[in-house]
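Structure first, then comments.
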Amino acid sequence: MSRRERGRWLSGKKKSDPGAESHACPKCGSPSLADEKKGFNVRRSLRGVVRFGAPGMLAGLVGRNDTITKCLSCGHQWQDMIYD
């Protein structure tokens, strides 16, 4: 799913499905949402170095492209499980 399709899916404005329900924060119900990428994980990288030496630093790259959805009203964060 491309970033544009995901944005339409989150906002509920997908043109092929006019009756799509809009998505909202599970905590407060606000429709103001933003997506962020996780990025490099320093803590996981340091654990990898301790366990496996220098090549263990690559462990920090695991999951760097995962997307976290954040509510702009209350700050609640969650990870959507969307499989392509």
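The values are calculated or read from the model by the stated rules, or taken from the named source; none is laboratory data. Computed from a predicted model, the values in this text were never measured in an experiment. Counting neighbours? That spans all protein chains shown, and the Cβs are built from the backbone with ideal geometry, glycine included. Each accessible area value is taken on the protein alone, full model and side chains, heavy atoms only, with ligands, DNA and RNA left out. Shrake-Rupley method; radii C 1.70, N 1.55, O 1.52, S 1.80 Å.
Values computed for the structure shown
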item: Any hit, the stretch 65-77, residues being at pLDDT 85 or above and open to solvent by 90 Å² or more (accessible area, probe 1.4 Å); result: yes
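A quick yes/no check of all residues on (1) closer than 30 Å to H23 by Cβ; (2) more than 9 Å from the chain's Cα centre (by Cα); (3) in a helix (DSSP H, G or I):
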| position | (1), (2), (3) |
| --- | --- |
| E36 | yes, no, no |
| R44 | yes, yes, yes |
| R47 | no, yes, yes |
| V50 | no, yes, yes |
| N65 | yes, no, no |
